[in-house]
Amino acid sequence: MGHTMKWGTLPPKRPCLWLSQLLVLTGLFYFCSGITPKSVTKRVKETVMLSCDYNTSTEELTSLRIYWQKDSKMVLAILLGKVQVWPEYENRTITDMNDNPRIVILALRLSDSGTYTCVIQKPDLKGAYKLEHLTSVRLMIRADFPVPTINDLGNPSPNIRRVICSTSGGFPRPHLYWLENGEELNATNTTLSQDPETKLYMISSELDFNMTSNHSFLCLVKYGDLTVSQTFYWQECPTSI
């Protein structure tokens with residue numbers, strides 16, 4: 001491409017145009033060939049290693065062009081041994097350039113979900129770069145809610161106790177239910193919020209109950225097809241004579 005790549009800077013306009021054509025071509029290749037990318041599932045904040053599945057040597061690496069893209073966006077490019085990382089992946093994406101080129105993405109985010117494609121080009125005898133290898137992997141990011149915690153908020157009025165159930169750091173949008181003997185109860189106050197940066201949710205809900213009888217409450221949080229729950233027991237204190 002005739003340009004020197006610098007860490008943290010975007011490629012010049014002409015290579016960008018060429019890369020956009022590359023993105024379209026690789027997408028068409030997989031659409032037409034019917035190839036289904038293999039899948040990897042990770043959780044938010046974990047680390048993933050994605051491999052090009054291409055065996056090479058240290059000497060050959062210096063002559064290759066290697067591109068990593070996610071769906072229709074560039075992630076990383078290695079041109080003649082020089083590394084270029086796109087802004088969304090800066091400071092959390094590194095390369096492992098041994099006998100099988102790989103990238104490692106740290107501190108995974110929900111937005112990292114997608115299909116990652118490794119494109120390798122190799123020069124022919126005339127020095128023209130041609131497609132040598134192409135592989136894709138689908139990365140799915142989970143954000144599981146931890147088991148809810150239930151805390152005592154004291155007595156808002158005589159013989160009435162208030163508790164709060166809460167959990168945070170999950171996705172998709174959750175729903176919280178209070179149950180007793182399989183029947184849903186009316187919550188006193190339910191709060192739902194979403195972090196604007198991570199897109200992860202936090203939910204909490206308060207419940208008032210009569211202290212003069214025994215209770216077994218289930219706090220159930222449902223998100224997508226998954227659920228987490230916590231049980232709270234209350235035993236009536238015996239009346240002193």
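A few comments on the model shown:
- For segment 39-142, carbon and sulfur atoms together expose 49% of the accessible surface, with a 1.4 angstrom probe and every protein chain in place.
- Length gained when the stretch SER168-ARG43 is fully extended (0.36 nm per residue, less Cα-Cα span): 43.6 nm
- Per-residue HN-Hα couplings for segment 211-219 [Karplus 6.51, -1.76, 1.60; θ = phi - 60°; Hz; x = Gly/Pro]: 7, 8, 9, 6, 9, 9, 9, 10, 9
- Among the GluC sites (Glu not before Pro) in segment 173-227, those located in a DSSP loop and surrounded by at most 14 other Cβ atoms within 10 Å of their own Cβ are GLU197.
- Stretch gain in nm, segment MET211-ASP124, where the contour uses 0.36 nm per residue and the Cα spacing is subtracted: 23.2 nm
- What segment 149-234 shows is 58 Å² of accessible area per residue, with the surface traced by a 1.4 Å probe over protein heavy atoms.
- Here's how it looks for VAL48: its modeled amide H is under 5 Å from those of ILE105, which are all 5 or more places away or on a different chain.
- DSSP finds beta bridges in segment 39-142, and of those with both partners inside it, around 85 percent are antiparallel.
- Separation of the alpha carbons by more than 21 angstrom is noted, of LYS45/LYS70; LYS199/LYS222; LYS38/LYS130; LYS38/LYS122; LYS38/LYS70, for LYS38/LYS130; LYS38/LYS122.
- In order through segment 109-117: 3J(HN,Hα) via Karplus (6.51 cos²θ - 1.76 cosθ + 1.60), integer Hz, x for Gly, Pro: 10, 4, 5, 7, 4, x, 9, 9, 10
- The phi torsions of segment 149-164, fed into the Karplus equation with coefficients 6.51, -1.76 and 1.60 and a -60° offset, translate into couplings of 10, 10, 10, 7, 9, x, 10, x, 7, x, 6, 10, 10, 10, 10, 10 Hz, rounded to whole numbers, with Gly and Pro shown as x.
- Split the accessible area of segment 149-234 by element, probe 1.4 Å, and carbon with sulfur accounts for 46%.
- Long-range amide H partners of THR135 with built H, under 5 Å: CYS118
The values are calculated or read from the model by the stated rules, or taken from the named source; none is laboratory data. Small disclaimer: the values here were computed from a predicted structure and weren't measured. Positions of Cβ are generated from backbone atoms using ideal geometry, with glycine treated the same way; all protein chains shown enter the neighbour counts. Surface areas here come from the heavy atoms of the whole protein model, side chains and all, with no ligands, DNA or RNA. Shrake-Rupley method; radii C 1.70, N 1.55, O 1.52, S 1.80 Å.
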